[in-house]
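Okay, structure first, notes after.
Derivation of every value follows stated rules applied to the coordinates shown; laboratory data play no part. Note that the structure is a prediction, hence the values are computed from the model and not measured. Positions of Cβ are backbone-derived with ideal geometry, glycine not excepted, and every protein chain shown enters the neighbour counts.
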Amino acid sequence: MPPCVTDRPATRLRVWRGVSGVLAMLLGTAGLPSLAHATEITGAGSSFGAPIYGAWGAAVAHATDIRLNYQTIGSGAGQNQVKARTVDFGASDAPMGAAQLVQNNLLQFPTVLGAIVVVVNLPGVDVAHLCLTGELLARLYSGDITMWNDPAIMAENPGMDLPAIPVAPIRRADGSGTTFVFTSYLARVWPRWAKEQGSGTSIEWPVGEGARGNDGIAAAVRNTEGSIGYVEYAYAAGNHMPVVELRNRHGDRVMADQDSFSRAVVTARWAQDVTHAADVLDGDGAGAWPIMAATYALLPQDRANTPQGHAVRAFFDWSMRNGGEAALSLHYVPLPDDIRATIRDMLAH
């Protein structure tokens, strides 16, 4: 597979252009009272959440004296950094369990919901009209299906002329919340995957080549004929990559768009414990996109009364009040009003 490292700055630039496109809308929005002196806060973790944190950070800097430095290092590393107290907040698409949160004295809450989508590189094929099921995805990533003209894929796409070229799965090489969501979906829809591979931020993949970050997967898929990859939707949209359709639990063949994402959120199941986790995977609603997830912020409770602690809470309070339009513009789904109100209440205490 051609190396993808040299393509990553260009990929990030495309995503950042999407972020910067929403700033004019946000700048000038009423914000929190300015701090006496500028306070810099650092966050690290999820590449899934990086575009929205970038947009919120720029807008909050204009409205207040809070400056955000966010490092896109993957969910696993983000969790480790906040546990070590080397950042002011961590960001992860894989929620921590209740015991870990208590042990590490962390407050966890979702910030936005978003979709994981599937991108492929099949020259001569109208990829936007290619449809896959959850089981087909699992079989492609398990090595059970090795050619794009496999009868099982052809049966799901009658009349489509699929090439006789090998499947080249691309997956994350780093600890990744996007991988956690994707593998959790595969485990939910195909029992063999649940038994043999399971789910997690990092697993033993049976086949495929690794790439770091959502941007790395996007670049690798663009450069590799026959490849298939999974990315957060903002990265696919920012790079103008066609996204395959998926068949959901309801039996619908659905496109990745704001309507199918919003329909999935209607079926979300919210945990009634300290994790505040949202389960939006494989919902059974009509027209719902099947691979949805929340991304989470992790705040050290023991730093709440420091200048950085106050600033982090002010940052997320501002974002919960004012950041919904930016989330929509970057293809996320804002949290429901009642969930955002609950989070603001938590931040105030």
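Brief remarks follow.
- Kirkwood Rh and Cα Rg combined as Rg/Rh, the chain: 0.97
- Under 10 Å, Cβ to Cβ, from Tyr230 - net charge with Lys/Arg +1 and Asp/Glu -1: +1
- Overall size of the stretch 129-175 from C-alpha positions, given as principal axis extents largest first: 39, 20, 19 Å.
- Packing-based ranking of 176-185, 239-248, 54-63 yields 176-185, 54-63, 239-248, ordered from highest to lowest mean Cβ neighbour count within 10 Å.
- Candidates per trypsin sites (Lys or Arg not before Pro) in the stretch 81-158, loop by DSSP, up to 16 other Cβ within 10 Å: Arg85
- Taking the DSSP beta bridges with both ends in the chain, the antiparallel portion is around 60 percent.
- Modelled label positions at Asp257 and Val102, each set 7 Å beyond Cα in the direction of Cβ, lie 4.7 nm from each other.
- Packing-based ranking of 71-79, 211-219 yields 211-219, 71-79, ordered from highest to lowest mean Cβ neighbour count within 10 Å.
- Size of charge dipole - the stretch 244-349 - debye, nearest 20, with Cβ of Lys, Arg +1 and Asp, Glu -1, no other charges: 160 debye
- Förster radius 41 Å - calculated FRET efficiency between Asp126 and Lys195 (Cβ-Cβ, nearest 0.05): 0.70
- Normalising the Debye intensity of the stretch 49-122 to I(0), with uniform scatterers on Cα atoms only, and taking log10 at q = 0.14, 0.22, 0.23 Å⁻¹ returns -0.55, -1.10, -1.15.
- The chain, relative contact order in percent, only Cα pairs under 8 angstrom and at least six apart counted: 26 percent
- Placing +1 on each Lys and Arg Cβ and -1 on each Asp and Glu Cβ, with no other charges, gives the stretch 116-270 a dipole about its Cα centre of roughly 480 debye.
- Relative contact order %, the stretch 116-270, counting alpha carbon pairs below 8 Å whose residues are six or more apart: 35 percent
- The Rg/Rh ratio of the stretch 116-270, with both radii computed over alpha carbons and Rh defined as the Kirkwood radius, is 0.93.
- The P(r) of the stretch 187-238 has a tail past 17 Å containing 47 percent of all C-alpha pairs.
- Relative contact order (%) - criterion: Cα under 8 Å, at least six apart; region: the stretch 279-349: 19 percent
- By the Cα gyration tensor, the stretch 93-199 has an equivalent ellipsoid whose semi-axes, rounded to whole angstrom, run 33, 15, 12 from largest to smallest.
- Length gained when the stretch Asn305-Arg249 is fully extended (0.36 nm per residue, less Cα-Cα span): 15.6 nm
- Cβ-based net charge around Ile73, under 11 Å, with every Lys or Arg adding one and every Asp or Glu removing one: 0
- Formal net charge of residues neighbouring Gly124 (Cβ-Cβ distance under 14 Å; K, R +1; D, E -1): -3
- The stretch 135-193 versus the stretch 278-308: alpha-carbon centroid distance in Å: 25 Å
- Separation of the stretch 323-341 and the stretch 81-120, taken as the distance between their Cα centroids, equals 18 angstrom.
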